[in-house]
Structures are given as C-alpha cells and as structure tokens.
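Here is the structure we will look at.
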Amino acid sequence: PFTWQHTYIPVLPAVMIDIVCSPTPFLIGIHSNSVALLNDLPIEEVLVVDLCADRFLRQMDDEDSILPHKLRAALEQILELRNEMLTVQEEVDSGAGLSSLSTLISEACVRFFVEIAGHYSLHMSVNEKGERFFQRDAFRKSHTSKNVRQFLELFMETQMFAGFVQDRELRKSGVKGLFEVRAGEYLETIPETGPSGVNRFLKGLGNKMKFLSKK
C-alpha cells in the first residue's frame with residue numbers, strides 16, 4: 001500500500017555515479033565494477049548491499065533496531081523457507097511453483113504492513129465539512145506492541161506514510177486492493193486471543209510454505 005516517493009534508478013551508469021551523493025533519499029542500483037568508485041565519494045548515511053553475495057558493504061549500525069524484532073523474525077523465517085523451497089522448485093523446473101512462491105512473498109510483505117498499519121481505518125474521522133482526516137496520535141498509541149509503536153514514530157514521518165494517509169483522506173468512496181482486504185480480515189481478528197508479534201497472518205503463511213515444500 002506504500003509507494004516509494006523518492007529517486008529510484010534500477011541501474012546507474014558509472015559516469016553518473018555522483019548522484020549517490022544526493023542528500024535526499026534514493027534507491028539506486030549499480031554494477032559491481034562501480035562499487036570501488038564509492039570509496040572516493042563523500043557519501044553519508046548510505047546503506048550499500050551486494051545483492052549477488054547477500055552481504056552488506058556499508059552499514060549504518062541501526063539495521064537490527066528499526067523493524068519490530070518479532071515481525072522481522074517472522075519475515076526472515078518465511079524468506080528462509082522460500083529459499084529452501086526455491087532450490088527444490090529449480091531442481092524440478094516448475095514454473096507454477098515459482099509463481100506460487102512469488103505470490104506468498106508478496107502476501108508476506110502485505111501482511112507485514114497489515115500488522116503495522118492495518119488498523120488505520122479505525123482512526124479515520126469526518127469533520128463538520130464532511131472532510132476525512134486521520135487521527136495520527138490515536139493511531140500510533142492504539143497499537144498493542146511497544147516495538148511497533150516505536151517503529152511508527154519513525155515511519156509516520158516518511159513521505160511514503162504521508163502519501164498513504166493523504167490518498168485515504170481524499171477518497172470518499174474508500175480504497176480497494178489486497179491490503180484493504182487483508183486489513184479487513186485483520187480487524188475481524190483483533191478481539192481474539194492468539195499469537196502476538198509473530199502474528200497470525202505471517203505464521204499462517206509459514207504453514208502454507210511448509211505445505212508447498214512437501215508437494
């Protein structure tokens with residue numbers, strides 16, 4: 001449900017490498033032979049990841065503290081299962097199986113955000129002019145998880161979150177999509193007792209992936 005609002009360049013030509021010195025947020029891909037050029041540039045607060053080697057080349061030392069740790073652990077568990085299943089699917093060369101895995105990863109990401117912000121609709125109100133507005137403080141404080149509340153303090157200051165709220169404030173007819181469907185399901189489960197942190201949704205996805213791996 002959230003849209004990246006800043007610079008996005010899938011592959012940056014080496015002759016334009018200076019762009020990574022931009023003081024604004026960006027998501028940029030570079031070829032491996034351009035990595036050495038970064039050492040000569042005055043870059044600050046930039047995270048560099050080698051996707052081929054699956055490792056950090058440059059870190060900010062806060063990567064382990066930003067996401068709510070239990071939700072992060074649930075996502076990591078699903079990704080690990082996905083990698084194991086991917087190896088099996090590649091051995092049998094099953095296109096349908098790979099498609100199912102992609103769907104499950106998409107679902108996991110959507111449901112992660114549902115755990116974070118799926119209760120937003122409970123804090124949308126209408127003023128005397130009929131205009132919809134979002135109750136920010138009530139939304140953040142109402143989450144039962146202290147770690148999620150701390151994460152929301154940061155996340156709610158991003159342009160991604162601002163765009164998410166603005167879109168829902170302006171649409172009088174409501175928003176449709178997978179996130180809204182899952183958020184509706186989530187709201188129905190709130191009164192129930194069940195797994196916390198590693199939430200019902202992500203745990204359910206993990207069970208589905210285990211089921212697929214046995215096929």
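The values are calculated or read from the model by the stated rules, or taken from the named source; none is laboratory data. Here the structure is a predicted model, which means the values were calculated and not measured. Heads up, the Cβs are rebuilt from the backbone with ideal geometry, glycines too, and the neighbour counts pull from every protein chain shown. These area figures cover heavy atoms from the full protein model, side chains too; ligands, DNA and RNA do not enter into them. Shrake-Rupley method; radii C 1.70, N 1.55, O 1.52, S 1.80 Å.
Results, tabulated for the structure shown:
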read-out	value
VAL48 paired with SER65, simple spin-label distance in nm, labels 7 Å along Cα-to-beta-carbon	2.4 nm
Ranked order, CYS52, CYS21 - accessible area, probe 1.4 Å, largest first	CYS52, CYS21
Per-residue SASA entry for VAL126, accessible area with 1.4 Å probe, Å² rounded to 10	90 Å²
Solvent-accessible ranking of ARG55, ARG149, ARG171, ARG111, largest area first, probe 1.4 Å	ARG55, ARG171, ARG149, ARG111
Two-site FRET efficiency, GLN166 against SER32, from Cβ-Cβ distance with R₀ of 45 Å, rounded to 0.05	0.70
Which of LYS146, LYS70 is most accessible, then next, and so on - probe 1.4 Å	LYS146, LYS70
Qualifying GluC sites (Glu not before Pro) in region 126-163, DSSP loop, other Cβ atoms within 10 Å at most 11	GLU128, GLU131, GLU157
P(r) histogram, all alpha-carbon pairs of region 32-159 included - 5 Å bins from 0, percent	2, 8, 12, 14, 14, 14, 13, 11, 7, 3, 2, 1, 0
Percent accessible area from carbon and sulfur atoms, region 4-90, protein chains only, probe 1.4 Å	53 percent
Label-point gap, in nm, between LEU86 and GLU180 - each point 7 angstrom along Cα→Cβ	3.2 nm
Probe 1.4 Å - accessible area at MET85, Å² to nearest ten	10 Å²
Those aspartates and glutamates that a straight Cα-Cα span of less than 18 Å connects to LYS141, excepting residues fewer than 8 apart in one chain	GLU115, GLU153, GLU157
